[in-house]
């Protein structure tokens, strides 16, 4: 039986450190005008948000796309709505998938978290956590686990967009204890760089050495101050390191993640995507595999969504 999506919810690992990004900005070029593929469905109409959604995976891929804060089924990525290509910090796309207990949390840029939990009878339950007042205005830089809960970091992108808003404060959000909402959380490692005083976190990643690295920039006006930091534990203060040390680690990490070329755990048997589309993340819960995909032209993103697949733990194709 083919997979089905019942109801509509309100609903990379993208790693591009600001330091590395500045080295490539001159290579950005215009994007060709796209035309709708034959047989594409009309753009979806506005629908009232639902509290949850049930997904049944099957032998056939179940393709879905993010559309105005919802997740809707489509026949394939080529049949996605013809969205304008826009800089990825502004686009609605999966900014990372993290495993949390027996569930998955998908950070959806400009929206918040989409929780995916395995239900009975081979169904998946999807719940979109209501966005805060901050998520539509800022970019999700990274999703991660902090104090045994999924969290995401917001920042103000200044490479592609001119802003008249301050850096986000609060800047990190996690799920509430009831798991049906978002709440701010303080990260001690960032405490020396308060957003309320004009500091922003523009890079945030882990490296092969298992430590966390981040770049803090002061955007309070005048000449910006920059601090390059490293810490073993996000619950403790970090140490400042020289720019050269930071760059070496950042370049190595960026080299393995550029354009989704080397995503840890990405199964080779995932369905082939059309040109200019890439997979950006993959995870699994129970008998279902979930992959994030998006349309990409240089630094711009168009359509984006999630692929749901039934997996067999005894099948040697599965990761």
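Observations on the structure shown:
- Where labels lie 7 Å past Cα in the beta-carbon direction, separation of residue 162 and residue 76 in nm: 4.2 nm
- Cβ crowding within 10 Å ranks 157, 209 as 209, 157, fewest other Cβ atoms first.
- Note on residue 197 and residue 147: the extension gain reaches 15.5 nm, defined as 0.36 nm multiplied by sequence separation minus the Cα-Cα distance.
- At an R0 of 35 angstrom, the distance between the Cβ atoms of residue 278 and residue 247 translates into a FRET efficiency of 0.85.
- Inter-label distance, residue 169 to residue 60: 5.3 nm, where each label sits 7 Å from its Cα along the C-beta direction.
- Estimated FRET transfer efficiency when R0 is 30 angstrom, pair residue 211-residue 268 (beta carbons, to 0.05): 0.50
- Where a label projected 7 Å from the Cα of residue 235 along Cα→Cβ would reach, residues of region 182-203 with amide N under 14 Å: 186-189
Readers should treat all values here as calculations from the given coordinates under stated rules, not as data from a laboratory. This structure is a prediction, so every number in the text was calculated from the model and none was measured. Neighbour counts are summed over all protein chains in view; Cβ atoms, including those assigned to glycine, are modelled from backbone coordinates with ideal geometry.
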